[in-house]
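What follows is one structure encoded as C-alpha cells, with my remarks underneath.
The values are calculated or read from the model by the stated rules, or taken from the named source; none is laboratory data. Note that the structure is predicted; figures quoted are calculated from it, not measured. All Cβ positions, glycine included, derive from the backbone under ideal geometry; neighbour counts span all protein chains shown. Heavy atoms of the whole protein, side chains included, go into the accessibility calculation; ligands, DNA and RNA do not. Shrake-Rupley method; radii C 1.70, N 1.55, O 1.52, S 1.80 Å.
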Amino acid sequence: MTNTQLDILCNIRYKGFKSVKLPMLFEVSQGCEGLKTALDRLCMQAEQSVADGVNYIILSDKDVDETHAPIPSLLAVSAVHHHLISAQKRVQTALVVESGEIREVMHAALLLGFGASALNPYMAFAVLNELVAKKEVQLDYATAEKNYIKAICKGLFKIMSKIDRKSVV
C-alpha cells in the first residue's frame, strides 16, 4: 500500500468505513516491562476499536522519538491478531501495518502470514524518494514506487507458490 493509499484510508469519510491509527510504540525508559505494557494496551485498544465499529486498524511505528521505541511489527501484528481472535472480533476488521521495518519480501511475507491485511513500508518509499531526488535511480518516483511494489508482490507470489497444500490443510 502506497503512502497516498494509506492517507486516503486514514481519512476516508464514507458510510460504513471507519479507520483508526494505533501506535506500536513503548517507553524506552521502562524497558521490557514497558514493552509488555504497551503490547497489552495495543491489544485492548484494537479490541475497543472493533467494538466501536472500526473497519481498518492501522498499526503504526511512525512516531518514534528519543523516548519511544517501536514495538517490533511482527510481534505487534501477531499479538493483536491473536487477541482479536480470542475476543471473537478478528473477522470484523483489517489490520494494516505502517512500519519502517518492512524492506524485503520476507518481511512482508511474515507480516501477512501473521495476520496483517495490508502493508505500508514508508521507510522503503522514503529511501526510493531520496534515490530518485539524488538521481541515483534513473526513474521518476511513481515508476520506482510501482517497480518496488511489483518486486515485493512477485516475491510474495514465489513464496506462496512453494507452500505445500497438503501441509496447509
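Some points to look at:
- Cross-chain or 6+ apart pairs with Cβ under 7 Å, segment 51-64 first and within 8 Å of Val20 (Cβ to Cβ), then in a loop (DSSP other than H, G, I, E, B) and open to solvent by 70 Å² or more (accessible area, probe 1.4 Å): Val54/Lys18
- Of the residues making up segment 6-29, one or more are in a helix (DSSP H, G or I) and more than 27 Å from Ile149 (Cβ to Cβ).
- Residue in segment 62-76 that is part of a loop (DSSP other than H, G, I, E, B), of a type outside the set (Ser, Thr, Tyr) and touching a Phe, Trp or Tyr at 6+ places or on another chain (Cβ under 7 Å) present: yes
- Residue pairs whose Cβ atoms lie under 7 Å apart, sitting 6 or more positions apart in sequence or on different chains, and linking a residue in segment 130-143 that is closer than 18 Å to Asn3 by Cα to a partner that is among the charged types (D, E, K, R) and modelled with pLDDT of 95 or more, are Val132/Asp140.
- Scoring Gly34 on the criteria (1) open to solvent by less than 20 Å² (accessible area, probe 1.4 Å); (2) under 17 Å from Val77 (Cβ atoms) leaves a single failure, condition (2).
- Among the residues listed as Arg13, Arg103, the single one being under 24 Å from Ile152 (Cα atoms), out of contact with any strand residue (DSSP E or B) (no Cβ under 6 Å at 6 or more places or on another chain) and at pLDDT below 95: Arg103
- Listed by first and then second residue, the pairs linking a residue in segment 94-117 that is in contact (Cβ under 8 Å) with a residue 24 or more places away in the chain and farther than 21 Å from Asp7 by Cβ to a residue that is of a type in the set (D, E, K, R) and part of a helix (DSSP H, G or I), with Cβ atoms under 7 Å apart and 6 or more places separating them unless they lie on different chains, form an empty list.
- Test: Leu39 is modelled with pLDDT of 95 or more and more than 20 Å from Asn120 (Cα to Cα): yes
- Within segment 30-61, considering residues that are assigned to a helix (DSSP H, G or I) and among the hydroxyl-bearing types (Ser, Thr, Tyr), the one farthest from the chain's Cα centre (by Cα): Thr37
- Hits in segment 77-99 (condition: surrounded by 22 or more Cβ atoms within 10 Å (Cβ to Cβ), touching a strand residue (DSSP E or B) at 6+ places or on another chain (Cβ under 7 Å) and either part of a helix (DSSP H, G or I) or β-branched (Val, Ile, Thr) (or both)): Val77, Val80, Thr93, Val96, Val97
- Failed condition for Asn129, given (1) within 20 Å of Ser19 (Cα to Cα); (2) open to solvent by 70 Å² or more (accessible area, probe 1.4 Å); (3) in contact with an Asp or Glu (Cβ under 9 Å, 6 or more places away or on another chain): (1)
- Residue count, segment 110-169 (criterion: within 19 Å of Leu74 (Cα to Cα) and polar (S, T, N, Q)): 2
- Filtering segment 111-129 to residues that are out of contact with any His (no Cβ under 9 Å at 6 or more places or on another chain) and of a type in the set (Phe, Trp, Tyr) leaves Tyr122, Phe125.
- Residue match in segment 106-118 (condition: touching a helix residue (DSSP H, G or I) at 6+ places or on another chain (Cβ under 9 Å) and among the hydroxyl-bearing types (Ser, Thr, Tyr)): no
- When Ile163, Ile71 are checked against the criterion of being of a type in the set (Val, Ile, Thr) and open to solvent by less than 60 Å² (accessible area, probe 1.4 Å), Ile71 stands alone in meeting it.
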